[in-house]
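Visitor: Sending over a structure as structure tokens; questions will come in a sec.
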Amino acid sequence: MSDAKSSSSPDPAAANAMWGGRFAAAPSDAMQAINASIDIDQRLWRQDIQASKAHAAMLAAQGILTTEDEEKIQAGLDQIAAEIADGRLAMRRELEDIHLNIEHRLTEIAGDAGRRLHTARSRNDQVATDFRLWTAAALDGAMEKIDRLQRALVAQAEAHADWAMPGFTHLQTAQPITLGHHLMAYVEMSERDRTRLLQAKATTLGDCPLGAAALAGTGFPIDRERTAAMLDFTQPAANSIDAVSARDFALEALSALAIALMHASRLAEEIVLWTSPHFRFARLADAWSTGSSIMPQKRNPDAAELIRAKAARVSANYAALLGIMKALPLAYAKDLQEDKALAFESFDAFALSFDALAGMIETITFDKRALRAAAGAGFSTATDLADWLVRELKTPFRDAHHVAGRAVKRAEELGLSELGDLPLSELQAIEPRITEAARALLGVEQSLESRASYGGTAPARVREQIARWKEQLG
Ligand code: ARG
């Protein structure tokens, strides 16, 4: 990166390389510092070259550029792509952004032909096009990350389809569930996340801004259908003002990322809880644990904690872009330049978080005994007793709830660990019609088997769900 100080530049036109004709003085250092986006948007170089190649091909096909000029431009852009890929092209901050850096280099290589590339376009439609192309590719990457997590979850769910664990509401023991069922809940969430990303991609590659020029379109006889098709868009944007000022595709992408990371953060939070020595439900692999510099016994779930924090940052990025957009008059304003840093950071945080989450889930191990003990603790089968009273004795549910509540109280007084341990005589002291068959239903395993409604926690149901998912993921 060249650090040429604009204030010491003898030639203002060199600092204002692309519009020196209009200006007598170079920009101040702070002006250049706030304005230049090259440090951020150089990540768009592939898309910028791709869109420029399509634009040049279209200009030539329309007779706006000569074939000779077009060939020089195509060869020059290919050369620049190779230079950037090899790290041989130093980006210059005085050239502001990736678009001007590439165009400037092109004029060095191709002379006047390079200077003709910007015919019938503006950086406004150019950046909107590049950013859409980048976002679409990034969304594909994000969907792949979700796929990996889903596979890891399904594999763990299959291995633990019938392992009992406590299901919580209010983080209080509610009813026994299976670990497989719990893990599969995240597969369902992730699938909705994937669908949102897919929808965001459809929006992103819907309208092609290229050819909208600064905002009003152009007097040149361009073919916007052609460039849209070359770049894999559905259609050219139908309104040139909307084309250059719309960023709702990016908002849609960021909101989809933020929601998916919110789900990831919930799973991360459960990893933190489950691996705590107070739960002892699970243990992270060494590769996913960190030690403490002072306390030798510690195995910290740092990656899970960082995923919680990344989720906060990405949702803040979404809020930031929404804030940037909401009071902008049409059409382009430089505020829009800040969109890319927010998107890049969000996609990076997403990728890192999902890699870590999938890695943790693939290698986490569960403690069957701790899970089973916790599943029955807290008298988690009290609802099963109430349900039996309703089913067999036709007791109204409210009354049944009361009877089961007294059974819980008695079990607590006797210091029992599970409701299933309460002797029949104790149950009959509360409700004489309770039978041994009812008492037998209060075991954790029986409770699990009984919840066989569609989507319920019964191992048979969970196995069906897993089988469906294995087929779907292929
Ligand atoms: N670097 C700019 C951006 O990211 C490119 C568009 C500049 N357009 C302009 N009218 N100054 O938004």
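Visitor: If you take the residues of the stretch 438-460 that are in a helix (DSSP H, G or I) and touching a residue at least 24 places away in the same chain (Cβ under 8 Å), which of them is nearest to residue 378 (Cα to Cα)? Working first, answer last.
Guide: Taking the stretch 438-460 first, the residues in a helix (DSSP H, G or I) are 438-440, 444-450, 459-460.
Cutting the leftovers down to touching a residue at least 24 places away in the same chain (Cβ under 8 Å) gives us 438, 444-448, 450, 459.
Values: 438: 19, 444: 12, 445: 15, 446: 16, 447: 14, 448: 16, 450: 19, 459: 22 Å.
Among those that are in a helix (DSSP H, G or I) and touching a residue at least 24 places away in the same chain (Cβ under 8 Å), it is 444.
Visitor: When both residues are 6+ apart or on different chains and their Cβ atoms are under 8 Å apart, which pairs have a first residue that lies in the stretch 353-367 and is β-branched (Val, Ile, Thr), and a second that is surrounded by fewer than 20 Cβ atoms within 10 Å (Cβ to Cβ)?
Guide: Matching pairs, first to second residue: 363/285; 363/287; 364/283; 364/285; 365/283; 365/285.
Visitor: Another one. Working carefully through the options 356, 320, 341, find the one that is farther than 13 Å from residue 258 by Cβ and away from the ligand (no atom under 12 Å from the Cβ). Even if it seems obvious, please write down each step before you answer.
Guide: On the way: 320 fails: farther than 13 Å from residue 258 by Cβ; 341 fails: away from the ligand (no atom under 12 Å from the Cβ).
Exactly one residue qualifies, and that residue is 356.
Visitor: Of all residues in the stretch 232-246 being assigned to a loop (DSSP other than H, G, I, E, B) and surrounded by fewer than 21 Cβ atoms within 10 Å (Cβ to Cβ), which is farthest from the ligand (Cβ to nearest atom)?
Guide: Residues of the stretch 232-246 assigned to a loop (DSSP other than H, G, I, E, B): 232-234, 237-239, 246.
From what's left, surrounded by fewer than 21 Cβ atoms within 10 Å (Cβ to Cβ): 232, 234, 238-239.
Working: 232: 22, 234: 23, 238: 21, 239: 18 Å.
Selected residue: 234.
Visitor: While we're on this one: Scan the stretch 448-456 and tell me whether some residue there is surrounded by 19 or more Cβ atoms within 10 Å (Cβ to Cβ) and under 30 Å from residue 153 (Cβ atoms). Please lay out each step first, then the result.
Guide: From the stretch 448-456, those surrounded by 19 or more Cβ atoms within 10 Å (Cβ to Cβ) are 448, 451; that's our starting set.
After this cut, where a residue has to be under 30 Å from residue 153 (Cβ atoms) as well, the list is 448, 451.
Yes, some residue in the stretch 448-456 is surrounded by 19 or more Cβ atoms within 10 Å (Cβ to Cβ) and under 30 Å from residue 153 (Cβ atoms).
Visitor: From the list 173, 204, 178, 218, exactly one residue is of a type in the set (S, T, N, Q) and either without any contact (Cβ under 8 Å) to a residue 24 or more places away in the chain or within 16 Å of the ligand (Cβ to nearest atom) (or both). Which is it? Reasoning before the result, please.
Guide: Values: 173 fails: either without any contact (Cβ under 8 Å) to a residue 24 or more places away in the chain or within 16 Å of the ligand (Cβ to nearest atom) (or both); 204 fails: either without any contact (Cβ under 8 Å) to a residue 24 or more places away in the chain or within 16 Å of the ligand (Cβ to nearest atom) (or both); 178 fails: either without any contact (Cβ under 8 Å) to a residue 24 or more places away in the chain or within 16 Å of the ligand (Cβ to nearest atom) (or both).
After ruling out the rest, the residue left standing is 218.
Visitor: Output the number of residues of the stretch 350-365 satisfying the condition of being crowded, with 22+ Cβ neighbours inside 10 Å and of a type in the set (Gly, Ala, Ser).
Guide: 1
Visitor: So which residues in the stretch 113-147 are among the polar types (S, T, N, Q), within 15 Å of residue 53 (Cβ to Cβ) and either in contact with a Gly (Cβ under 8 Å, 6 or more places away or on another chain) or within 16 Å of the ligand (Cβ to nearest atom) (or both), if there are any at all? Walk me through how you get there before you give the answer.
Guide: Going residue by residue through the stretch 113-147, those that are among the polar types (S, T, N, Q) are 119, 122, 124, 126, 129, 135.
Of the ones still in play, those that are also within 15 Å of residue 53 (Cβ to Cβ) are 119, 126, 129.
Result: 126, 129.
Visitor: Can you find a residue that is within 18 Å of residue 242 (Cα to Cα), part of a helix (DSSP H, G or I) and in contact with a helix residue (DSSP H, G or I) (Cβ under 7 Å, 6 or more places away or on another chain) anywhere in the stretch 202-225?
Guide: Yes; the residues of the stretch 202-225 include at least one that is within 18 Å of residue 242 (Cα to Cα), part of a helix (DSSP H, G or I) and in contact with a helix residue (DSSP H, G or I) (Cβ under 7 Å, 6 or more places away or on another chain).
Visitor: So, one more: Take the conditions farther than 21 Å from residue 268 by Cβ and of a type in the set (Phe, Trp, Tyr) and apply them to residue 168. Does it pass? Quick ask: steps written out before the conclusion?
Guide: Details: farther than 21 Å from residue 268 by Cβ: no; of a type in the set (Phe, Trp, Tyr): yes.
The answer is no for residue 168.
Visitor: Scanning the stretch 323-337 for residues that are assigned to a helix (DSSP H, G or I) and loosely packed, with under 13 Cβ neighbours inside 10 Å, which turns out farthest from the ligand (Cβ to nearest atom)? Spell out the reasoning first.
Guide: Here is the first cut: in the stretch 323-337, the residues assigned to a helix (DSSP H, G or I) are 323-325, 334-337.
Among the residues that remain, those that are also loosely packed, with under 13 Cβ neighbours inside 10 Å are: 323, 334.
Working: 323: 17, 334: 6 Å.
Restricting to residues being assigned to a helix (DSSP H, G or I) and loosely packed, with under 13 Cβ neighbours inside 10 Å, the top hit is 323.
Visitor: Looking at the stretch 256-312, which of the residues that are at pLDDT 95 or above and among the β-branched types (Val, Ile, Thr) is surrounded by the most Cβ atoms within 10 Å (Cβ to Cβ)?
Guide: 307
Visitor: Right, something else. Select from the stretch 88-104 the residues that are in a helix (DSSP H, G or I) and near the ligand (Cβ under 10 Å from one of its atoms) and write down the one among them that is nearest to residue 44 (Cα to Cα).
Guide: Quick first cut of the stretch 88-104, residues in a helix (DSSP H, G or I) only: 93-95, 98-104.
Applying the additional criterion that residues be near the ligand (Cβ under 10 Å from one of its atoms) yields 98-100.
Numbers: 98: 7, 99: 9, 100: 12 Å.
For the stretch 88-104, the residue satisfying everything is 98.
Visitor: From the list 230, 184, which residue is in contact with a Lys or Arg (Cβ under 9 Å, 6 or more places away or on another chain) and in contact (Cβ under 8 Å) with a residue 24 or more places away in the chain?
Guide: Details: 184 fails: in contact with a Lys or Arg (Cβ under 9 Å, 6 or more places away or on another chain).
Just one listed residue meets the conditions, 230.
Visitor: Sticking with this one: Would you mind stating whether residue 379 is more than 16 Å from the ligand (Cβ to nearest atom), hydrophobic (A, V, I, L, M, F, W, C), within 30 Å of residue 265 (Cα to Cα) and more than 27 Å from the chain's Cα centre (by Cα)?
Guide: Values: more than 16 Å from the ligand (Cβ to nearest atom): yes; hydrophobic (A, V, I, L, M, F, W, C): yes; within 30 Å of residue 265 (Cα to Cα): yes; more than 27 Å from the chain's Cα centre (by Cα): yes.
Yes, satisfied.
Visitor: Condition first: aliphatic (A, V, I, L, M) and either crowded, with 21+ Cβ neighbours inside 10 Å or not in a helix (DSSP H, G or I) (or both). Now tell me which residues in the stretch 404-424 satisfy that.
Guide: Step one: of the stretch 404-424, the residues aliphatic (A, V, I, L, M) are 404, 407-408, 411, 414, 416, 419, 422, 424.
The answer is 404, 407, 411, 414, 416, 419, 422.
Visitor: Since residue 126 meets every condition but one in (1) buried (at least 22 other Cβ atoms within 10 Å of the Cβ); (2) within 28 Å of residue 473 (Cα to Cα), which condition does it not meet?
Guide: That leaves (2) as the condition not met.
Okay, residues lined up against (1) part of a helix (DSSP H, G or I); (2) at pLDDT 95 or above; (3) touching a strand residue (DSSP E or B) at 6+ places or on another chain (Cβ under 8 Å); (4) farther than 21 Å from residue 224 by Cα:
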residue: 33; (1), (2), (3), (4): yes, no, no, yes
residue: 42; (1), (2), (3), (4): yes, yes, no, yes
residue: 60; (1), (2), (3), (4): yes, yes, no, no
residue: 63; (1), (2), (3), (4): no, yes, no, no
residue: 71; (1), (2), (3), (4): yes, yes, no, no
residue: 76; (1), (2), (3), (4): yes, yes, no, yes
residue: 82; (1), (2), (3), (4): yes, yes, no, yes
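Per-residue answers, yes or no, for (1) surrounded by fewer than 24 Cβ atoms within 10 Å (Cβ to Cβ); (2) of a type in the set (Val, Ile, Thr); (3) within 16 Å of the ligand (Cβ to nearest atom):
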site	(1), (2), (3)
75	yes, no, no
80	no, yes, no
109	yes, yes, no
152	yes, no, no
159	yes, no, no
168	yes, no, no
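The values are calculated or read from the model by the stated rules, or taken from the named source; none is laboratory data. No experiment lies behind these values; they were computed from the predicted model shown. No Cβ is skipped: glycine too gets one built from the backbone with ideal geometry, and neighbour counts run over all protein chains shown.
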